[in-house]
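Visitor: Here's a structure for you.
All of the numbers you see were taken from the coordinates with simple rules; none came from a lab. No experiment lies behind these values; they were computed from the predicted model shown. Here the Cβ is made from the backbone with ideal geometry for all residues, glycine too, and neighbour counts use every protein chain on show.
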Amino acid sequence: MTALAGSSRTLYQGSVDGWLPRYLSHVNSHGAPTRAMWTDFSFNLALLSFTASDTASFYFVLAISNCGYIIFNFLNLHAGDPSHR
């Protein structure tokens with residue numbers, strides 16, 4: 001649940017900043033990004049159904065997601081470093 005909330009907020013903020021389609025910037029009365037949540041949920045459901053077919057695809061998606069996580073953390077840590085500006 002926390003991963004879904006965090007990734008949907010990222011999709012929402014990308015939409016507000018103009019990097020992603022405006023469709024994802026819709027929020028409900030409580031301020032939750034509903035369209036971003038449904039988009040994230042649908043993508044994850046499709047990804048899980050893809051990886052459920054065999055073990056090799058499961059490990060492939062796991063390896064790709066770990067590489068993406070490492071790259072994201074690297075970029076995120078360097079974005080706040082004042083010596084790189």
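Visitor: List the residue ranges in the chain for DSSP H helices whose C-alpha atoms run 27 angstrom or more along the long axis and whose Kyte-Doolittle average is -1.0 or above.
Guide: Those that clear 27 Å and a mean of -1.0 are 55-79.
Visitor: Okay, moving on. With contacts defined as alpha carbon pairs under 8 Å and 6 or more residues apart, what's the relative contact order of the chain in percent?
Guide: On the way: 49 pairs, mean separation 14.6, N = 85.
Relative contact order of the chain: 17 percent.
Visitor: Additional query: With each pseudo-label sitting 7 Å past Cα toward Cβ, what's the Phe72-Thr51 distance in nm, one decimal?
Guide: Result: 1.3 nm between the two label points.
Visitor: Now for a separate question. Tell me, how many Å apart are the Cα centres for the range 20-35 and for the range 53-75?
Guide: 27 Å
Visitor: So what is the calculated 222 nm ellipticity per residue for the chain, using -39500 (n - 2.57) for each DSSP H run with n of 4 or more, over all residues, to the nearest 500 deg cm²/dmol? Display every interim value, and only then the final one.
Guide: On the way: 3 runs with 58 residues, N = 85.
The helix-only estimate for the chain comes to -23500 deg cm²/dmol at 222 nm.
Visitor: Turning to a different aspect of this structure: Return the ratio Rg/(2.2 N^0.38 Å) for the chain, where Rg is computed over Cα atoms only. Spell out each step's value before the answer.
Guide: Numbers: Rg = 15.6 Å, N = 85, 2.2 N^0.38 = 11.9 Å.
Normalised Cα radius of gyration, the chain: 1.31.
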